[in-house]
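Worksheet: one structure, shown below.
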Amino acid sequence: MAAAEKTLIVIVGPTGSGKTDLAVTLAEHFHAPIVSTDSRQIYRGLPIGTAQPDAEQLRRVEHHFIATHPVEEDFNCGAYEQAALTLLDQLFRQHDTVIAVGGSGLYVKALCDGLDELPEASPEIRERLAHRLRTEGLETLAAELKRLDPAYYEQVDTQNPARVLRALEVCLTTGQPYSSLLTGRVHERPFRIIMIGTDVERGELYRRIDRRVDMMMEAGLEAEARAVYPLRHLNSLQTVGYRELFEYFDGRITRQQAVELVKRNTRRYAKRQLTWFRRDSRIAWFDPTHVEEILRHIEEQMFAD
C-alpha cells in the first residue's frame, strides 16, 4: 500500500493493560486524534469507573467519544458504527493517521468490519425476556444462553444484560444459535487498518487490575456510583464497578465485599476480552511499554505493498 493512504491504528487489549497510555504516546508521535472504542467511556458522569483518560491526557491529545453522551441514552453498537464512520470521514480530511483505542470487542468490530445484519425480535419475545430479567435475574437468562448457544456464552460478557438479551432474542426468534449467524463478513473500509494488542503477563495483569480498583476507590468511585444510583436500572450502568457498589448500597453486601467483587469481576472481564481479541489474527501483540518496537511494526505496515 502507498504511504499516502489514510491509516487507522487500532489498539485493543484487556482492561488495565496500558492501552490508554500507549494510545496517547502514538497519537503524539503521529500528530493524530484518538477515537474511543469503549462502550462505557462515551457516557458523562462516569470518569472514574470507566477509566476515562485523565485531564492531562485529554489536554495532550484530541479525543472523541469520551463523555459525549448522557448516561440515560441507550447508545448501541449500530449507532456507534455510523457515528464513528462519519467522524473518521471528517478526521481523515485533516489527518493521515487516526488512533482508535478501547476494549469493547463489539465496538472494535463495528468500526473495523461492520456488524452482521441479524433479525429483530418480535415485541412479544422482547417483552417476555425483559420480564424474566426483572423477575428471575440475569444469571438465569445467562444459563439459558449457555444451553442454547454454548459457543457464544464462552465469549460474551455474561454480566451485561444487553448482550445476553440480544443473543437470546436471536436464538428464540430463529431457533438457531446466535453464534451461527455471525458470518464474519467484513465490510470494506476506505482506510488502512493496523491492529495492535497490549500484551501483559496474566499474573501481572491481574495485579494491575487489583491496584487500579483500589486507586479508583481512593479517587472517589463510591461517590460517583452513589450519584448515579437512582439510575441503576439503565443499561449503561450494568457495568463492573457500579453493579457491585449498588449491591452494597442496597445492603446486600459489605463495602469490602463490593470492592473484592469489583476486582474479581474485572479480572473475569479481562479474561473474556482476551478470549475475544485472541481470535483475530490481524492483531499484533506487544508489551505496551515497547514503543519503539510497536512504531517499527506500524511503519512497516504503512509502507507494505
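The values are calculated or read from the model by the stated rules, or taken from the named source; none is laboratory data. Quick caveat: nothing in here was measured; it's all calculated off a predicted structure. Please note: Cβ atoms are built from the backbone with ideal geometry, for glycine as well, and neighbour counts cover all protein chains shown. Only protein heavy atoms, including side chains, enter the accessible area calculation; ligands, DNA and RNA are left aside. Shrake-Rupley method; radii C 1.70, N 1.55, O 1.52, S 1.80 Å.
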Please go through the range 132-145 and pick out each residue that is open to solvent by 50 Å² or more (accessible area, probe 1.4 Å) and either at pLDDT 95 or above or among the small types (Gly, Ala, Ser) (or both). 143
Tell me whether the range 272-284 contains one or more residues that are part of a helix (DSSP H, G or I) and more than 24 Å from the chain's Cα centre (by Cα). no
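Out of 253, 298, I need the residue that is open to solvent by 20 Å² or more (accessible area, probe 1.4 Å) and either in a helix (DSSP H, G or I) or at pLDDT 95 or above (or both). Which one?
Details: 298 fails: open to solvent by 20 Å² or more (accessible area, probe 1.4 Å).
When all the criteria are applied, what remains is 253.
Just for the range 215-246: of the residues that are without any contact (Cβ under 8 Å) to a residue 12 or more places away in the chain and either more than 21 Å from residue 68 (Cα to Cα) or small (Gly, Ala, Ser) (or both), which one is least open to solvent (accessible area, probe 1.4 Å)? Reasoning before the result, please.
Keep residues of the range 215-246 that are without any contact (Cβ under 8 Å) to a residue 12 or more places away in the chain, which gives 215, 218, 223, 230, 233.
Cutting the leftovers down to either more than 21 Å from residue 68 (Cα to Cα) or small (Gly, Ala, Ser) (or both) gives us 215, 218, 223.
Working: 215: 124, 218: 156, 223: 69 Å².
Among residues in the range 215-246 that are without any contact (Cβ under 8 Å) to a residue 12 or more places away in the chain and either more than 21 Å from residue 68 (Cα to Cα) or small (Gly, Ala, Ser) (or both), the one least open to solvent (accessible area, probe 1.4 Å) is 223.
Among the residues that make up the range 180-198, is at least one of them more than 28 Å from residue 263 (Cβ to Cβ) and part of a helix (DSSP H, G or I)? Working first, answer last.
From the range 180-198, those more than 28 Å from residue 263 (Cβ to Cβ) are 180-195; that's our starting set.
Add one more test, that the residue is part of a helix (DSSP H, G or I), and what stays is 180-181.
Yes, that holds for at least one residue.
Let's see how each residue does on (1) aromatic (Phe, Trp, Tyr); (2) not in a helix (DSSP H, G or I):
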position: 200; (1), (2): no, yes
position: 210; (1), (2): no, no
position: 213; (1), (2): no, no
position: 229; (1), (2): yes, no
position: 240; (1), (2): no, yes
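Only residues that are of a type in the set (Asp, Glu) and either in contact with a His (Cβ under 9 Å, 6 or more places away or on another chain) or in a loop (DSSP other than H, G, I, E, B) (or both): list them for the range 164-179, please. If you could, list the steps in order and put the result at the bottom.
Taking the range 164-179 and keeping what is of a type in the set (Asp, Glu), we get 169.
Of everything in the range 164-179, nothing turns out to be of a type in the set (Asp, Glu) and either in contact with a His (Cβ under 9 Å, 6 or more places away or on another chain) or in a loop (DSSP other than H, G, I, E, B) (or both).
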Among the numbered criteria (1) modelled with pLDDT under 90; (2) closer than 27 Å to residue 286 by Cβ, which one does residue 200 miss? (1)
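Limited to the range 146-163, what total is found for residues that are assigned to a loop (DSSP other than H, G, I, E, B) and either open to solvent by less than 20 Å² (accessible area, probe 1.4 Å) or not hydroxyl-bearing (Ser, Thr, Tyr) (or both)? Step through it out loud before you land on a result.
Step one: filter the range 146-163 for residues assigned to a loop (DSSP other than H, G, I, E, B), giving 149, 154-160.
Still in the list and also either open to solvent by less than 20 Å² (accessible area, probe 1.4 Å) or not hydroxyl-bearing (Ser, Thr, Tyr) (or both): 149, 154-157, 159-160.
Residues that pass the stated criteria total 7.
Out of everything in the range 285-294 that is open to solvent by 20 Å² or more (accessible area, probe 1.4 Å) and touching a residue at least 40 places away in the same chain (Cβ under 8 Å), what residue ends up being nearest to residue 21 (Cα to Cα)?
Let us first name the residues in the range 285-294 that are open to solvent by 20 Å² or more (accessible area, probe 1.4 Å), namely 285-287, 289-293.
Pick out the ones that are also touching a residue at least 40 places away in the same chain (Cβ under 8 Å) and you get 285-287, 289, 291.
Details: 285: 16, 286: 14, 287: 12, 289: 9, 291: 11 Å.
Per the criteria, the residue is 289.
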Looking at (1) without any contact (Cβ under 8 Å) to a residue 24 or more places away in the chain; (2) over 30 Å from residue 231 (Cα atoms), can you tell me which one residue 55 breaks? (2)
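Please tell me if residue 124 is among the charged types (D, E, K, R) and modelled with pLDDT of 90 or more.
Working: among the charged types (D, E, K, R): yes; modelled with pLDDT of 90 or more: no.
No: the conditions fail for residue 124.
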Under 9 Å between Cβ atoms, at least 6 apart or on separate chains: pull out the pairs that start in the range 102-121 with a residue that is within 18 Å of residue 88 (Cα to Cα) and end on any residue that is β-branched (Val, Ile, Thr) and modelled with pLDDT under 90. 112/186; 113/186; 114/186
